[in-house]
1. Which ones in segment 60-76 are touching a strand residue (DSSP E or B) at 6+ places or on another chain (Cβ under 6 Å) and crowded, with 16+ Cβ neighbours inside 10 Å?
2. Using beta carbons and a limit of 6 Å, which pairs, at least six apart or on different chains, have the first residue in segment 205-221 and touching a residue at least 60 places away in the same chain (Cβ under 8 Å) and the second one among the small types (Gly, Ala, Ser) and open to solvent by less than 50 Å² (accessible area, probe 1.4 Å)?
3. Which condition number in (1) closer than 30 Å to residue 294 by Cβ; (2) crowded, with 17+ Cβ neighbours inside 10 Å; (3) basic (Lys, Arg) is the one that residue 208 fails?
4. Can you spot a residue in segment 77-98 that is under 30 Å from residue 23 (Cβ atoms) and assigned to a strand (DSSP E or B)?
5. Name the single residue, out of those in segment 249-293 being among the hydroxyl-bearing types (Ser, Thr, Tyr) and touching a residue at least 40 places away in the same chain (Cβ under 8 Å), that is farthest from residue 153 (Cα to Cα).
6. Do you know which residues across segment 212-229 are under 15 Å from residue 290 (Cα atoms) and open to solvent by 50 Å² or more (accessible area, probe 1.4 Å)?
7. Could you check, for segment 275-282, whether at least one of its residues is open to solvent by 20 Å² or more (accessible area, probe 1.4 Å), in a helix (DSSP H, G or I) and not hydrophobic (A, V, I, L, M, F, W, C)?
8. Looking at segment 181-203, I want the residues that are assigned to a helix (DSSP H, G or I) and have a partner that is hydrophobic (A, V, I, L, M, F, W, C) and open to solvent by 60 Å² or more (accessible area, probe 1.4 Å) with Cβ atoms under 7 Å, at least 6 apart or on another chain. Which pairs are those?
Amino acid sequence: MNDTTIRFANKLEVRYSFNDKSDYMEAMARHRCEKEVLFLLRSLADMLEVRMTVYDEPYERKEGSFREKLGIAGESGQAISIVLNLAMQILVRPSSSEGDRPLAERPASDEEELRREVSLLGKALRLKRPGVVPSRRLVGLLCASPRFLKCKSNFYEVLKGCPKVTRVSLRELNEKDRPRSGSLEVRRERFDIFILRSGDLPTVKDEKARIEIISPVLKDGKYRWKGIYDKGGEIIDFYMRDEEFKTQMFDEKISFSSGMCIDCVLEISRRLSELGEVTPVAYTVITVIRTHFDKMEIVTPQGKRHLRKLEADKKQLTLDLFG
């Protein structure tokens, strides 16, 4: 199909309002913002398996603002409209609460639930079921997704650096440039609650980690051990913070042999990359629960204490629920 025959039934309007009567915007800032919007649209389309292509369209000049219009071509206007609706909602949902308090950390189960919700919506769109709308739960999960948190942060950080931008607003248009949705906007005084103060994420704890030790460090100092982490089979460098276990090895109460594995409590420090990917930056073994070599398994003294505490906590929870 020749580009001149394309009809854009779905369009996204992004309007940057200014504190003066100009209708121009600094080119680098505009393109950096557009990059984040395009990343958001493409990511959502890929997740939902929606085939679409985004085009820049000319827009009439309007005093006191700069308006960008993106024409979207694809096989399903309904599916494209869902993608645009999700993108707009994600861009106007804050990443932190008022007063710069971070929103609650996502539990590990959220990722699995997100995949399930995306799969259900994607299937409904492929079957072209009428009246399909994203669930409120899906919108919430997408808004808290690390890749989109970073995308929003980049977008609003650029706008905060443009003093004349007073607000940004978004709406979906039809092929005649008439609104297909209400306008969603974010004012300048709220930009800060979209900007991440740090790429650092709360640590996660794997209570059932297994590591095959490749090379221990049998001397004092802040040196990292090397091992194979059973989650994915990757080689990791990790800190051994279980002082009892290190003492047992120093005193040769536990001897290291090739193929030796440990079951342990592992803390993983993480950061968000520039693309919003969650990247592990440090691994720390807090407690060694048991050691394995061939078919021999030995529970460590600290491992016994740890297991007793888990059992006591489990019993207490049961009492609290049914007491």
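The values are calculated or read from the model by the stated rules, or taken from the named source; none is laboratory data. Bear in mind that the values here come from a model prediction, so they are computed numbers and not experimental data. Here Cβ is always computed from backbone atoms with ideal geometry, including for glycine, and neighbour counts include all displayed protein chains. For accessibility, only protein heavy atoms count, side chains too; no ligands or nucleic acids. Shrake-Rupley method; radii C 1.70, N 1.55, O 1.52, S 1.80 Å.
1. Start the filter on segment 60-76 by keeping residues that are touching a strand residue (DSSP E or B) at 6+ places or on another chain (Cβ under 6 Å), which leaves 64-74.
Answer for segment 60-76, where residues must be touching a strand residue (DSSP E or B) at 6+ places or on another chain (Cβ under 6 Å) and crowded, with 16+ Cβ neighbours inside 10 Å: 65, 66, 67, 68, 69, 70, 71, 72, 73, 74.
2. Within 6 Å, the pairs are 211/227.
3. (2)
4. No, there is no match, as no residue in segment 77-98 is under 30 Å from residue 23 (Cβ atoms) and assigned to a strand (DSSP E or B).
5. Within segment 249-293, the match that is farthest from residue 153 (Cα to Cα) is 287.
6. Matches in segment 212-229: 212 only.
7. Here is the first cut: in segment 275-282, the ones open to solvent by 20 Å² or more (accessible area, probe 1.4 Å) are 275, 277-282.
In the following step, the residues that additionally are in a helix (DSSP H, G or I) were identified as none.
There is no residue in segment 275-282 that is open to solvent by 20 Å² or more (accessible area, probe 1.4 Å), in a helix (DSSP H, G or I) and not hydrophobic (A, V, I, L, M, F, W, C).
8. Pairs found: none.
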